[in-house]
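The values are calculated or read from the model by the stated rules, or taken from the named source; none is laboratory data. Everything numeric here is computed off the predicted structure, so don't read it as measured data. FYI the Cβ positions are ideal-geometry reconstructions off the backbone, even for glycines, and counts take in every protein chain you see.
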Number of protein chains: 2
Amino acid sequence: MSERKLTRNQQLVLDRLAASGSALTAYDLLDQLRGEGLRAPVQVYRALETLGQRGLIHRIESMNAFIACCAHDHQAAAGFAICDDCGEVAEFAFPASEEGLRSEVGKAGFETRHMTVELHGRCAACAGR
Amino acid sequence: MSERKLTRNQQLVLDRLAASGSALTAYDLLDQLRGEGLRAPVQVYRALETLGQRGLIHRIESMNAFIACCAHDHQAAAGFAICDDCGEVAEFAFPASEEGLRSEVGKAGFETRHMTVELHGRCAACAGR
DNA sequence: CAAAGAAGTGTAATGATATAACGTATGTTT
DNA sequence: AAACATACGTTATATCATTACACTTCTTTG
């Protein structure tokens, strides 16, 4: 079933992502996990694929990078606020806007299967400086 | 100023994008413009960069591809409905949701500079089949 | 428990996307 | 015409992602 235990490689990748507040690229992950025995990009990409299917991570399209999922309800669409100054990525939910977007394109008969919502800008900490 | 006439390369890339209803990658564009004398990726990327700065095209992050802008007000954020079956990309505006998203992250002090909103799914024509 | 099947592994090679560095040309401003 | 900004073409390289292959490890089930 979908309830297989995570394998060593999958757990390593997930732990590394969870330990980082920012998004990491596959090659970032590879570099940081060489000490654990990982050697090739495909090992990381395979772990990322499984983790993604299980809803444990998200891909940040505008950065070609990945981040651990911190949502409680991962049926809902996830949005991301990305600070271009410090790299921090905050996940957020947007139920009202999600419905708004879905119905906006629904008017034209479009059936939404997945939403990518990524806001770039400056986080509170960086704006304060 | 910002009102320079488009150069030959820029015009070629823009025309090619405008003629296509879908998003094209930089390498798609390069292949389609070899007959016009383009030879290297960087020539396409340079044109794309200028066109993007002038608001004449958009980058579709989730496809690593580009599309001509068909918006009248390109101050407003643009959203895209992407049909994963036929590849059609429709640009749309979403003023209400845009404000909703902006204020959602604004609660945490985030200043939004740019939004990526890309909806994947199935267009009306493909759903009808 | 043994066989069968599904999922995962490591290695190597390659494909796809994007940028850097260089010297030259062209167009605009003064 | 000199000075400046922008764009050009060429070459090389960086970055992101997948394919193919042979082998291993789990899980199910007969």
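Of note:
- Extreme residue, farthest from B:CYS83 (Cα to Cα), among residues of segment B:23-51 that are near DNA strand C (Cβ under 9 Å from one of its atoms) and hydroxyl-bearing (Ser, Thr, Tyr): B:TYR45
- A:SER20 fulfils the conditions (1) more than 9 Å from chain B (Cβ to nearest Cβ); (2) under 27 Å from B:GLY87 (Cα atoms); (3) away from DNA strand C (no atom under 15 Å from the Cβ); (4) out of contact with any helix residue (DSSP H, G or I) (no Cβ under 7 Å at 6 or more places or on another chain) except for a single criterion, (2).
- Of all residues in segment B:70-84 being at pLDDT 95 or above and assigned to a loop (DSSP other than H, G, I, E, B), the one that is surrounded by the fewest Cβ atoms within 10 Å (Cβ to Cβ): B:ASP84
For (1) away from DNA strand D (no atom under 11 Å from the Cβ); (2) in contact (Cβ under 8 Å) with a residue 12 or more places away in the chain; (3) not in a strand (DSSP E or B), each residue gets a yes or a no:
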{"residue": "A:GLN10", "(1), (2), (3)": "yes, yes, yes"}
{"residue": "A:LEU14", "(1), (2), (3)": "yes, yes, yes"}
{"residue": "A:LEU30", "(1), (2), (3)": "no, yes, yes"}
{"residue": "A:LEU38", "(1), (2), (3)": "yes, yes, yes"}
{"residue": "A:VAL42", "(1), (2), (3)": "no, no, yes"}
{"residue": "A:ARG46", "(1), (2), (3)": "no, yes, yes"}
{"residue": "A:HIS58", "(1), (2), (3)": "yes, yes, no"}
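- Hits in segment A:16-28 (condition: more than 11 Å from DNA strand D (Cβ to nearest atom) and either among the basic types (Lys, Arg) or surrounded by 15 or more Cβ atoms within 10 Å (Cβ to Cβ) (or both)): A:ARG16, A:LEU17, A:SER20, A:SER22
- A:MET63 falls short on exactly one of the conditions (1) within 13 Å of the chain's Cα centre (by Cα); (2) under 23 Å from B:PHE94 (Cα atoms), and that condition is (2).
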